[in-house]
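Single-structure report; data block below.
The values are calculated or read from the model by the stated rules, or taken from the named source; none is laboratory data. Just so you know, these numbers come straight off a predicted model, no measurement behind them. Cβ placement follows ideal geometry from the backbone for every residue including glycine, while neighbour counts extend to all protein chains displayed.
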Amino acid sequence: MIKVTKTVMPPFEEYCNEIKDLWESHWLTNMGQKHQRFQQLLGDFIGADKVELFVNGHMAIEMVLQAFGLKGEIITTPYTFASTTHAIVRNGCVPVFCDINEHDCTIDVEKIENLITPNTVAILPVHVYGNICDVNAIKNIADKYNLKVIYDAAHAFGEYIDGIPVGNYGDASCFSFHATKVFNSIEGGAVVYHDEVIGERLYELKNFGIHGVEEVCGIGANAKMNEFSSAMGICNLRYFEENLKKRKEVYKIYVNHLMGIKGINICELKKSVTYNYSYFPIFVNENEFGASRDEIQLKLFENDIGSRKYFYPITSEFDCYKENYDSSLTPIALRKSKEVLSLPFYADLDFSDINKICKIIKKMSRRNYF
Ligand SMILES: *Cc1c(COP(=O)(O)O)cnc(C)c1O
């Protein structure tokens with residue numbers, strides 16, 4: 001079976017070596033040595049001086065919204081993982097869905113201003129698939145209307161815009177280190193922020209709002225990263241660059257095979273962005289191609305090849321939200337979700353496997369590409 005992704009793991013001995021001290025210290029969580037070291041290394045690596053680690057990417061988003069004390073409407077996109085929308089709702093805020101761009105699935109900045117009301121407090125855009133949002137346009141809008149900007153940067157680890165680390169944009173950016181992401185700490189997440197006060201709140205909120213031994217000042221939760229996860233992050237960080245090089249090669253081979261096939265579209269890359277090559281979504285235009293997205297997925301499955309409809313359905317179509325939203329108001333997000341298929345993509349993916357995958361897809365076209 002060719003799986004859709006393969007979790008990055010360091011050599012077994014290297015990890016064992018990293019966790020050895022834990023058997024001496026008996027300190028397994030609560031911001032121990034590994035946590036401190038990982039937070040430091042991470043900040044250096046992604047070029048951010050203010051970073052707070054979390055148990056996962058989702059809690060990072062939930063807690064940063066709470067740390068900013070946001071109450072009201074938050075403009076976001078429905079073309080994302082459940083986490084983004086849930087984090088808004090679980091903070092007692094109201095998601096207001098903006099449509100996405102055809103070419104890269106990030107928020108369409110032309111459509112943001114129309115959605116702003118007196119209740120709007122923030123914009124929560126997603127750097128989806130590692131495609132970076134139009135950060136300058138978003139900043140201009142946010143400045144004009146005095147809104148916070150929190151990026152869901154779960155897909156954007158290690159990326160740069162014009163040489164500037166992606167976490168530098170907005171009031172905060174949230175990263176995920178889940179096992180399926182380009183960089184993992186088994187489960188994990190981080191917030192990159194700029195305001196010291198927000199940092200203190202994040203630190204407290206992830207530990208029940210505890211401020212001092214006998215002082216609890218915030219309605220926090222438990223969202224601390226433990227020492228084993230931190231150790232995994234420390235080890236995996238050493239392999240990020242090497243894996244990135246490999247993923248870039250995998251990406252190129254896919255593109256060589258699939259470019260120019262009528263009805264198969266891929267995301268446009270921007271010259272200004274240094275990508276992490278985290279996913280390979282294709283968008284199937286059934287009329288032009290001659291087969292549907294679902295038919296391609298089934299054919300791949302019959303050949304022992306995994307793939308994911310990532311993202312389908314859009315979050316405004318979820319059972320828990322659909323009563324309150326009209327998805328036809330975000331027509332591009334709705335259509336893209338019906339066209340998308342994420343193909344197997346990871347650093348060690350065999351070139352022969354990529355050939356096989358692309359051959360199967362080409363064969364399904366109504367045109368002859370052989
Ligand atoms: C993975 C992901 C998250 C949540 O991260 P976890 O670490 O799994 O909690 C949030 N947003 C997006 C877009 C994601 O892909």
For region 135-157 the number of residues that are among the small types (Gly, Ala, Ser), in contact (Cβ under 8 Å) with a residue 60 or more places away in the chain and away from the ligand (no atom under 15 Å from the Cβ) is 0
Of the candidates LYS246, LYS262, LYS271, the one satisfying the condition of being modelled with pLDDT of 95 or more, farther than 24 Å from HIS103 by Cα, assigned by TED's automatic domain parsing to the domain that holds LYS309 and not acidic (Asp, Glu) is LYS246
When region 328-354 is checked residue by residue, the ones that are assigned to a helix (DSSP H, G or I), more than 17 Å from LYS3 (Cβ to Cβ) and not aliphatic (A, V, I, L, M) are SER328, PRO331, ARG335, LYS336, SER337, LYS338, GLU339
### Message
Looking at the structure I just gave you, is VAL166 within 16 Å of the ligand (Cβ to nearest atom) and among the β-branched types (Val, Ile, Thr)?
### Response
yes
Counting only residues in region 40-51 that are buried (at least 18 other Cβ atoms within 10 Å of the Cβ) and farther than 17 Å from TYR239 by Cα, the one modelled with the highest pLDDT is identified as VAL51
When every residue in region 315-370 that is modelled with pLDDT under 95 and not polar (S, T, N, Q) is compared, the one farthest from ARG293 (Cα to Cα) is PHE370
Within region 170-215, of all residues that are touching an Asp or Glu at 6+ places or on another chain (Cβ under 7 Å), within 30 Å of LYS246 (Cβ to Cβ) and not in a loop (DSSP other than H, G, I, E, B), the one farthest from the ligand (Cβ to nearest atom) is VAL191
*Filter pass, LYS181 being surrounded by fewer than 19 Cβ atoms within 10 Å (Cβ to Cβ) and not aromatic (Phe, Trp, Tyr)*: no
Those helices (runs of 4 or more DSSP H) completely within region 1-119 that have 2 or more residues that are more than 16 Å from the ligand (Cβ to nearest atom) and at negative phi are 12-25, 33-46
With criteria (1) under 19 Å from ILE88 (Cα atoms); (2) crowded, with 18+ Cβ neighbours inside 10 Å; (3) within 16 Å of the ligand (Cβ to nearest atom), ALA221 comes up short on (2)
(request) Tell me, yes or no, whether region 295-317 has at least one residue that is farther than 25 Å from THR180 by Cα and not in a helix (DSSP H, G or I). (result) no
